[in-house]
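Since the structure comes first, as structure tokens, the remarks are kept for the end.
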Amino acid sequence: MSFIVIIPARLASTRLPNKPLADIAGKPMVVRVAERAALSGAAEVVVAADSQAIIDACARHDVRAMMTRPDHPSGTDRIAEVAAAMGLSDDAVVVNVQGDEPLIDSALVRDTASLAGAGVPMATAAHPIADAADAFNPNVVKVVLDRHGRALYFSRATIPWHRDGFAQSRDALPAGYQPLRHIGLYAFSNGFLQTYPTLAQSPLEQIEALEQLRVLWHGFPIAVHVTPSAPAAGVDTPQDLERVRALFPAE
């Protein structure tokens, strides 16, 4: 199986300005992400940048980066521009690894990539939720699957709703009930990746503020790789950055 990784990276961030360039033990965060992504066995890793500063930082560490338009509404649109510029075939598999995940699990990238293609235009990942607080947290996105391991729906709500169990208590998850938390890692066939920006937003996507619902609403399947445990968290805040820095030896 062959696939490439494209990492969308943009400087603007309300909680952590210039996040892709944040230093982690002597290297910019986006370079750390690219290094982890390369461990997945990807045929190539490319950064989709929105500024010359990111291009220059990647060049100093021999990471390939390509400039994209600054006005893309999402990271998916940004990586689609790069995939088109690279002249990839429609059946090429492209994995979108977020630029703020310097601890991304390379095996998770590879396993998710393996589900895309051959009639499956898009794949993502999930892991079981063990804590009731996460099950009821609207910032934790849940997904339910069909018997083939494909997504039926994504929601910020608690799905599936355990009618009898939650009627008794919501302090703990009912026995035998294991909802799934969605992981924001996506793999696409390039043919579908080029189609995605042309799809109109769906009402469900706007209600839930979940971009992946656009895909389901338009009738395209999403395969889901279920990994047994939660991956390392990404970097959204200065506190997250300090936590990650502590895990890297200085170089």
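The values are calculated or read from the model by the stated rules, or taken from the named source; none is laboratory data. Note that the structure is a prediction, hence the values are computed from the model and not measured. A quick note on method: Cβ atoms are made from the backbone with ideal geometry, for glycine too, and the neighbour counts reach across all protein chains shown.
Brief remarks follow.
- Every listed requirement among (1) modelled with pLDDT under 95; (2) touching a strand residue (DSSP E or B) at 6+ places or on another chain (Cβ under 8 Å) is met by Thr68 save one, (1).
- The set of residues in the stretch 207-244 being under 14 Å from Leu108 (Cβ atoms), assigned to a loop (DSSP other than H, G, I, E, B), among the hydrophobic types (A, V, I, L, M, F, W, C) and touching a strand residue (DSSP E or B) at 6+ places or on another chain (Cβ under 7 Å) consists of Ala230 alone.
- Output for the stretch 44-53, where each listed residue is more than 30 Å from Leu115 (Cβ to Cβ) and either surrounded by 18 or more Cβ atoms within 10 Å (Cβ to Cβ) or among the basic types (Lys, Arg) (or both): Ser51
- Just one of the numbered conditions (1) surrounded by fewer than 21 Cβ atoms within 10 Å (Cβ to Cβ); (2) farther than 19 Å from Thr237 by Cα; (3) of a type in the set (A, V, I, L, M, F, W, C); (4) touching a Ser or Thr at 6+ places or on another chain (Cβ under 9 Å) is not true of Ile79: (1).
- Residues that are touching a helix residue (DSSP H, G or I) at 6+ places or on another chain (Cβ under 7 Å) and among the polar types (S, T, N, Q), drawn from the stretch 153-207: Ser155, Thr158, Asn190, Gln194, Gln201, Ser202
Okay, residues lined up against (1) of a type in the set (D, E, K, R); (2) under 20 Å from Asp240 (Cβ atoms); (3) surrounded by 22 or more Cβ atoms within 10 Å (Cβ to Cβ):
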position: Ile4; (1), (2), (3): no, no, no
position: Ala12; (1), (2), (3): no, yes, no
position: Pro20; (1), (2), (3): no, yes, yes
position: Asp23; (1), (2), (3): yes, yes, no
position: Ala34; (1), (2), (3): no, yes, yes
position: Ala42; (1), (2), (3): no, no, yes
position: Ile55; (1), (2), (3): no, no, no
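Let's see how each residue does on (1) farther than 26 Å from Ala130 by Cβ; (2) among the aromatic types (Phe, Trp, Tyr); (3) surrounded by 14 or more Cβ atoms within 10 Å (Cβ to Cβ); (4) more than 17 Å from the chain's Cα centre (by Cα):
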position: Arg170; (1), (2), (3), (4): no, no, yes, yes
position: Leu180; (1), (2), (3), (4): no, no, yes, no
position: Gln206; (1), (2), (3), (4): yes, no, no, yes
position: Gly219; (1), (2), (3), (4): yes, no, no, yes
position: Pro238; (1), (2), (3), (4): yes, no, no, yes
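- Odd one out for Asp90 among (1) surrounded by 14 or more Cβ atoms within 10 Å (Cβ to Cβ); (2) in contact with a strand residue (DSSP E or B) (Cβ under 8 Å, 6 or more places away or on another chain): (1)
- Any hit, the stretch 185-193, residues being part of a helix (DSSP H, G or I), of a type outside the set (S, T, N, Q), in contact with a strand residue (DSSP E or B) (Cβ under 8 Å, 6 or more places away or on another chain) and surrounded by 15 or more Cβ atoms within 10 Å (Cβ to Cβ): yes
- Residue within the stretch 220-241 that is on the phi > 0 side of the Ramachandran plot and of a type outside the set (Lys, Arg) present: no
- Scoring Gly41 on the criteria (1) assigned to a loop (DSSP other than H, G, I, E, B); (2) within 17 Å of Ala232 (Cβ to Cβ) leaves a single failure, condition (2).
- Pairs are defined by a Cβ separation below 9 Å, a sequence spacing of at least 6 or placement on different chains, a first member in the stretch 216-236 that is among the charged types (D, E, K, R), and a second member that is part of a loop (DSSP other than H, G, I, E, B); the pairs so defined are Asp236/Ser13; Asp236/Arg15; Asp236/Leu16; Asp236/Asp100.
- Positions within the stretch 95-115 being of a type outside the set (Gly, Ala, Ser), under 17 Å from Phe248 (Cβ atoms) and surrounded by fewer than 19 Cβ atoms within 10 Å (Cβ to Cβ), in sequence order: Leu103
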